[in-house]
1. Can you tell me which of (1) buried (at least 23 other Cβ atoms within 10 Å of the Cβ); (2) touching a residue at least 24 places away in the same chain (Cβ under 8 Å) is the one residue B:50 doesn't meet?
2. Residue by residue through the range A:223-245, note down the ones that are out of contact with any Gly (no Cβ under 6 Å at 6 or more places or on another chain) and either without any contact (Cβ under 8 Å) to a residue 40 or more places away in the chain or not assigned by TED's automatic domain parsing to the domain that holds residue A:158 (or both).
3. Could you please let me know if residue A:65 is of a type outside the set (D, E, K, R), farther than 24 Å from residue B:23 by Cα and surrounded by fewer than 21 Cβ atoms within 10 Å (Cβ to Cβ)?
4. Which of the residues spanning the range A:207-225 are surrounded by 15 or more Cβ atoms within 10 Å (Cβ to Cβ) and either at pLDDT 95 or above or not in a helix (DSSP H, G or I) (or both)?
5. List the residue pairs whose Cβ atoms are under 6 Å apart, where the first residue sits in the range B:23-42 and is of a type in the set (Phe, Trp, Tyr), the second is at pLDDT 95 or above and assigned to a strand (DSSP E or B), and the two are 6 or more positions apart or on different chains.
6. Out of the residues in the range B:33-49 that are within 12 Å of the chain's Cα centre (by Cα) and either hydroxyl-bearing (Ser, Thr, Tyr) or within 7 Å of another protein chain (Cβ to nearest Cβ) (or both), state the one that is farthest from residue B:9 (Cα to Cα).
7. Checking residue B:24 against (1) facing chain A (nearest Cβ under 9 Å); (2) surrounded by fewer than 17 Cβ atoms within 10 Å (Cβ to Cβ); (3) within 30 Å of residue A:84 (Cα to Cα), only one condition comes out false. Which one?
8. From (1) assigned to a loop (DSSP other than H, G, I, E, B); (2) at the interface with chain A (Cβ under 9 Å from one of its Cβ atoms); (3) among the aliphatic types (A, V, I, L, M), pick out the condition that doesn't hold for residue B:88.
Amino acid sequence: MSLAERILAGDVRAAARLMRFIDDGLDCATPELKALYPHTGKAFILGITGPPGAGKSTLTDKIIAAYRQRGKRVAVVAIDPTSPFSGGAILGDRIRMNRHATDEGVFIRSLGTRGHLGGLSRSTVDVVNVFDAMGWDLVIVETVGVGQDEVEIVRNAHTSLVVMVPGLGDDIQAIKAGILEIGDVFVVNKADRPDADRAVRDLATMIEMNHPDEGEWWPSVMRTVAQKGEGIEELVEKIEEHRRFLAESGQLKHFEENKSALRFEELLRDQLFRQVRKRISDSGNLARTIEAIARREQDPYSAVEEIVALHFQK
Amino acid sequence: MSERKLRLLVAKPGLDGHDRGAKIVARAFRDAGFEVIYTGLRQTPEQIVTTALQEDVDAVSLSILSGAHNTLFPKVIDLLKEKGAAEVPVFGGGIIPEDDIPGLKAAGAKEIFTPGTSTEDIITWVRANIKPLA
């Protein structure tokens, strides 16, 4: 039986192994992904992002529990940074979720960013697809602790939670671009801290300044104390509200089209680049061209135009 | 863009009160370029084995300070077998008397490191003995 067949039959080890192949960028993953793709599109994908230390993993743990109570099977992709120096990583998000480790309705997979920027790893979308095809109801993607520019999650998750904590900065932070613009639901976690009211107010002001159009989703600011389990039910209810909104407003179709376009272009870019690079490198052209550019005998713009013309035009 | 990277589980079964040693080893593994999944303190053998399978690790390393190594090592090894994952090597360390080491190896532990072992020695052993499983 192929890995894909075993995965469709619910085999955890087969899924774990394919995720490994995907993460390591092995070509043998591709036929399996092809076989799984027709079975995707059923899972609800929830992104959880926010700065380091905001409590994303603890919140994820509580959200897992809330959805388990609702009888849903929950998969988690937890992403931690890879050291740019050694290439190694300590993936420790599980520490806060491991009480679910022996629950067969929960599958947690940790991934290192492996040099990829944007808050996800290069493998994330495909790993989510494996979970989706396998029939998991909910796939939670917890990004690395992000700053202001790591917004890749929003194109790949149906609903994006942005988790903040009180006291992160004055209200100028709230008018900056980046993760503050991508949230479908904002969460002020650790809301038992004294300056929580202010954080909620700043976020609410920012949402008002964005003033969504008529018929668009209006993001809410929720309060939680994840450690104590406070505010979780309300948060999950809000997530479900956004999910219903996507379906009823027709935005779900739009989301799927955007996501497909993005994925297609990404793969196209990867493949074209790899093939062209391999050809010019095998022929010795790559080294010659780079040398010529370095010696200012050729400019890089013309060099690329020539290669593109050579490989793609009639 | 293929890149095989070792994935190792660093786990603390049982009732140890602290995890300094495990954290130092996890950090050393990271600096050696490995991907380390760290579970935190007080994990049951069942939790450790499920984690190992979901994370598709190439080896499970156990850190045990409590004196319960003679129970916990065989338990983790047997559970892996039970789940059809006998090929996943188990090694570890902690406060383990020399006299107990032959028994642990007979039970299937690949290597046991005792206090005073340098992290370099552990990494050298890992590089020589642990390979990506597939």
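The values are calculated or read from the model by the stated rules, or taken from the named source; none is laboratory data. In this text the structure is predicted, and so the values were computed from the model without any measurement. Cβ coordinates were reconstructed from backbone atoms using ideal geometry, including for glycine residues, and neighbour counts include every protein chain displayed.
1. Result: residue B:50 passes all but (2).
2. A:225, A:228, A:230, A:234, A:237, A:240, A:241, A:244, A:245
3. For residue A:65, the condition - of a type outside the set (D, E, K, R), farther than 24 Å from residue B:23 by Cα and surrounded by fewer than 21 Cβ atoms within 10 Å (Cβ to Cβ) - is met.
4. Start the filter on the range A:207-225 by keeping residues that are surrounded by 15 or more Cβ atoms within 10 Å (Cβ to Cβ), which leaves A:207, A:217, A:219-225.
Passing the criteria: A:217, A:219, A:220, A:221, A:222, A:223, A:224, A:225.
5. B:29/B:8; B:29/B:36; B:34/B:8; B:38/B:10
6. In the first step, residues of the range B:33-49 are kept if they are within 12 Å of the chain's Cα centre (by Cα); the result is B:36-39, B:45, B:48-49.
Subset that is either hydroxyl-bearing (Ser, Thr, Tyr) or within 7 Å of another protein chain (Cβ to nearest Cβ) (or both): B:36-39.
Working: B:36: 6, B:37: 5, B:38: 6, B:39: 8 Å.
Out of the qualifying residues, it is B:39.
7. Of the numbered conditions (1) facing chain A (nearest Cβ under 9 Å); (2) surrounded by fewer than 17 Cβ atoms within 10 Å (Cβ to Cβ); (3) within 30 Å of residue A:84 (Cα to Cα), the odd one out for residue B:24 is (1).
8. (2)
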